[in-house]
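Asker: Before we start, here is the structure in question, set down as C-alpha cells.
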Amino acid sequence: MEDITSTATTSPIPMSSRPSQLLMDSKVEVVSAPPMQTQYNSPSLSRKPLLNPIETPNALAVNNATPNPSHHTPNFFTPIGSPLRRAIQLTRLDPQDAWLPITESRNGNAYYAAFHTLCSGIGIQALVLPVSFTVLGWRWGIICLTIAFIWQLYTLWLLIYLHESTETGMRYSRYLQLFSATFGEKMGKLFAVFPIFYLSGGNCVALIIVGGSSMKLFFEILCGHGCTAKPLTTVEWYLVFTCAAVVLSQMPNLNSIAGVSLIGAITAIGYSTIMWLVAVTEGRLDGVSYDPIREDNNTAMIFSFFNAIGIIAFAFRGHNLILEIQATMPSNEKKLSRVPMWRGTKVAYLIIASCLFPLAIGGYWAYGHKIPADGGMLTAIYQYHGKDTSQFVLALTSLFVIINAVSSFQIYGMPMFDDIESKYTKRKNKPMPWWLRAASRALFGFSCFFFGVAIPFLGSIAGLVGGIAIPITFAYPCFMWLKIKKPKKYSIMWYLNWVLGVWGMVLSVILIASGIYIIIDTGIQVSFFKPS
C-alpha cells in the first residue's frame, strides 16, 4: 500500500479537508506527526528497550483500523527522535521516571555534571596511591597510573555516548539498565548487580568508617592534649556521622544535591592538596628508600605487583554513577545530553588528575617505603607531622575529610535510594510518599552504620572486593560498545575495545586472586563489632 507520507505530499486535496477525506477513503486513524525537536525517553525499569509501541501510520493503513476516540495520545506519550522520520515510533514514556530520585528532575547542565563527577571521582581511595609505588617503584608506578587514568577516561567517553541512542531514541539512565538491555537481564543479575551495588553501598559503609574516625580525630585536635572532656567512643562517632548523612540524604533527587556535590568536590581538592603540600614542604623522612619492596619468592612478588595495580585501578571509581549523572540532563535529537556531559567530565577529570598525580608522586617522594599501608597519606600526615605541623592545618584537613565524606555519601547513596523506591513504584504504581521515602533512606543509612560497626576491617578486604568491581570501570563499557555500536570488524575501534575489554576481565581475575593470596599470606585482623 502506498505510504501515507508520500500520499499526503502528492495529494491534490486541500490541507484543511485532507484528514476527513483520508478517513472516508481508507478509514485510517489520524496520528499527529512528531514535532521536529523530540525529547528522548528512558526505558522502563523492567529494562525492556521499548514500551507499548504505538502503530505508525503505515501500520495503521495496513490494518485498515477504524477511528476510535479512546486511541488519542495521552499526555505521557512523547515521540522518539530518529533520523529516519518515516520509521519513527511513538513510545510510552515510563511514568516511574518522574517518580524516582535519579530521573525526577532533568534540568541538569555541564556544571552540575562537573560537580557530581568531581565529588564521586576524588575520594579516600586516592590517599593510598603512594602505597602502590612502594611495590611498583617510580617508573612502573607512574606508567601504571597514567595508563589507568587514560583507560578509565576512555571508558567514561564510551558510557556517555552509550547513554542515549539516536537510532531508537532510548535513554539508559542507570548503568544496570544499559548492561541488562545489552546482554539481557539474566547476565545483568549475574555479572553487574553485585559490583554496582557494592560500589554504591560499600562506599557508603567505608565513608561512615572514615568520616566517623575523622570526626574523632578532629575533636581530639580541637580539644588538645590537656582536654578533660570525656570523648565519645569510635562507635558513637560513627553514629554522629551517620545521623548527619541521613539528615542530608532527605534531599529529593540527584539534581537537588548539586550544591552538596560542589562542596564535597571543593573539600576533596582541599584535603588532597593540603596533604601533598605538607608532605613536600616538610621534606623527605630520614632513611627513605625508593627501592621497590621485594618478596621472598616469585609467587608472592607477582601477587604483590598485581595488588599494587589493583590499588591504582580502584582509585578510579565512580563509573557506576556516570549514566545516572547524565540522566539529570535534558536531551533531544538536536541537543544531545552527551555534549554538556562530556564537557563537564573533561573539566572534572582535569582537576582530578591535578589532585591524584601530586598525591601519588609527592607522597611517595616524601615517605618512600615508610608510607603507612593502612590509610596512606591520611595516616602519614598525623603520624609523621602531627607535632611539627600547625594544628590549624591538621584540623582543617580532618574537617575537609568529614565534609567530603558526608557529601560523597549522598551521591553514592542515590542509586540505592533509586533502587529502593523503584520497587515501591513498580508494585504500587504511584510515587513513594514523602514519609516513607524519608524512612527508607534513614533505614539505608543506619544499615550502613551497622555494617561499619560489625565489619570494621572492611578496608582490609577492599582490594579483594575491588577486583570484582574493576570490570564496571575498565571492561564492561568496551563490551557494551561492541554489542551496541557494532564497529567494523578488524577496525581500530573493534581491536581497541576487544583488547581493553579482555584485559579488564583478566585484570579483575588476577586482582581477586592476588587479594585472596595476600589475605591468606599476611592474615587479616577480624574484629567483628570492635572498631578501633
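The values are calculated or read from the model by the stated rules, or taken from the named source; none is laboratory data. Keep in mind that what you see is a predicted model, and the values were worked out from it rather than measured. Cβ: placed from backbone, ideal geometry, glycine included. Neighbour counts: every protein chain shown. When the accessible area is computed, the model is the full protein with side chains, heavy atoms only, and any ligands, DNA or RNA have been set aside. Shrake-Rupley method; radii C 1.70, N 1.55, O 1.52, S 1.80 Å.
Asker: Only residues that are closer than 30 Å to Lys189 by Cβ and either of a type in the set (Gly, Ala, Ser) or part of a loop (DSSP other than H, G, I, E, B) (or both): list them for region 389-431, please.
Answerer: Ser408, Gly413, Ser422, Asn429, Lys430, Pro431
Asker: While we're on this one: Would you please name the residue that is nearest to Ile122 (Cα to Cα), looking only at residues in region 363-388 that are open to solvent by 10 Å² or more (accessible area, probe 1.4 Å) and assigned to a helix (DSSP H, G or I)?
Answerer: Filtering first and then ranking leaves Leu378.
Asker: Using the structure shown, decide if Glu236 is open to solvent by 40 Å² or more (accessible area, probe 1.4 Å), over 19 Å from Ile403 (Cβ atoms) and of a type in the set (D, E, K, R).
Answerer: It is true that Glu236 is open to solvent by 40 Å² or more (accessible area, probe 1.4 Å), over 19 Å from Ile403 (Cβ atoms) and of a type in the set (D, E, K, R).
Asker: Scan region 279-306 for residues that are in contact with a Ser or Thr (Cβ under 6 Å, 6 or more places away or on another chain) and either without any contact (Cβ under 8 Å) to a residue 12 or more places away in the chain or open to solvent by less than 40 Å² (accessible area, probe 1.4 Å) (or both) and jot them down.
Answerer: Correct list: Glu295 only.
Asker: Which of the residues belonging to region 135-157 are more than 11 Å from Thr473 (Cβ to Cβ) and either crowded, with 21+ Cβ neighbours inside 10 Å or touching a Gly at 6+ places or on another chain (Cβ under 9 Å) (or both)?
Answerer: Val135, Leu136, Gly141, Leu145, listed by residue number.
Asker: What number of residues within region 260-273 are more than 20 Å from Arg437 (Cα to Cα) and crowded, with 22+ Cβ neighbours inside 10 Å?
Answerer: Selection size over region 260-273: 7.
Asker: Filter region 481-504 down to residues that are farther than 16 Å from Leu153 by Cα and open to solvent by less than 40 Å² (accessible area, probe 1.4 Å) and give me whichever is nearest to the chain's Cα centre (by Cα).
Answerer: Here the answer is Leu482.
Asker: Check region 200-220 and report whether any residue there is modelled with pLDDT under 90 and surrounded by fewer than 18 Cβ atoms within 10 Å (Cβ to Cβ).
Answerer: For region 200-220, residues modelled with pLDDT under 90 and surrounded by fewer than 18 Cβ atoms within 10 Å (Cβ to Cβ): present.
Asker: Criterion first (farther than 23 Å from Phe306 by Cβ, at pLDDT 90 or above, open to solvent by less than 60 Å² (accessible area, probe 1.4 Å) and not hydrophobic (A, V, I, L, M, F, W, C)) does Ser527 satisfy it?
Answerer: No; evaluated as a whole, the condition is false for this residue.
Asker: Then there is this: If only one of Ile160, Ile122 is at pLDDT below 95 and in contact with a Ser or Thr (Cβ under 9 Å, 6 or more places away or on another chain), which one is it?
Answerer: None of the other options fit; the residue is Ile122.
Asker: Go through (1) open to solvent by 60 Å² or more (accessible area, probe 1.4 Å); (2) within 30 Å of Ser173 (Cα to Cα) and name the single condition Ile257 misses.
Answerer: (1)
Asker: Quick one: is Ser272 of a type in the set (Gly, Ala, Ser), touching a residue at least 24 places away in the same chain (Cβ under 8 Å) and under 19 Å from Asn320 (Cα atoms)?
Answerer: Taking the combined requirement at face value, the residue does not satisfy it.
Asker: Moving on. Among the residues of region 168-198, which ones are aliphatic (A, V, I, L, M), open to solvent by less than 70 Å² (accessible area, probe 1.4 Å) and part of a helix (DSSP H, G or I)?
Answerer: Leu176, Leu178, Ala181, Val193, Ile196 - these are the residues of region 168-198 that are aliphatic (A, V, I, L, M), open to solvent by less than 70 Å² (accessible area, probe 1.4 Å) and part of a helix (DSSP H, G or I).
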